[in-house]
């Protein structure tokens, strides 16, 4: 546990959490979270020991990046899908109500069709490195209809709505919960 706390201290060492805005803190984390030293933060055994507020920041950053780069199917089938349930709970905690409902509906659609993020990930892992394919090539025609429905539902996420920014929710959430991160670090 102490090693994990040191890793978090290292990530946030340049920051005075007491005086910096939530925007500046999240920008700092986003700028550094993919550096080699900090990739360990998203390993399951480390991740679950992080303060919830830091988990939530990492999850929303990963969610946003994956949605922008690969859409909802990419989010679910890539390593970010390993945190699908946690991301849903994060959307609830930060008050992103519409997105929470949409992702929850997607979850129900997956469950009702016997599909898990793990299954989708396994299908992706079976393809060749750098192989360019369609979802139907990777997941089979039997899942194509469900995946198309999931993609259609995802069209209503914050990314595609005018005047809606999930980061406004995240900034406010950090403003309210920053003290927990400060306590964790002993600042």
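Among what's in the range 31-51 and is in contact (Cβ under 8 Å) with a residue 24 or more places away in the chain, part of a helix (DSSP H, G or I) and surrounded by fewer than 17 Cβ atoms within 10 Å (Cβ to Cβ), pick the residue that is nearest to the chain's Cα centre (by Cα).
Only one residue fits best here, namely 44.
Taking the range 1-23 as the search range and keeping residues that are over 12 Å from residue 50 (Cβ atoms) and within 19 Å of the chain's Cα centre (by Cα), which one is surrounded by the fewest Cβ atoms within 10 Å (Cβ to Cβ)?
Of everything passing the filter in the range 1-23, 23 is surrounded by the fewest Cβ atoms within 10 Å (Cβ to Cβ).
What pairs come out if I take residues in the range 141-159 that are without any contact (Cβ under 8 Å) to a residue 40 or more places away in the chain and pair them with residues that are not in a helix (DSSP H, G or I) whose C-beta lies under 7 Å away, six or more apart or interchain?
Close Cβ pairs satisfying both conditions: 143/115; 146/113; 146/115.
None of the figures in this text is laboratory data; all of them are computed from the coordinates on show. The model shown is predicted, which means the values in this text are computed figures rather than measured ones. No Cβ is skipped: glycine too gets one built from the backbone with ideal geometry, and neighbour counts run over all protein chains shown.
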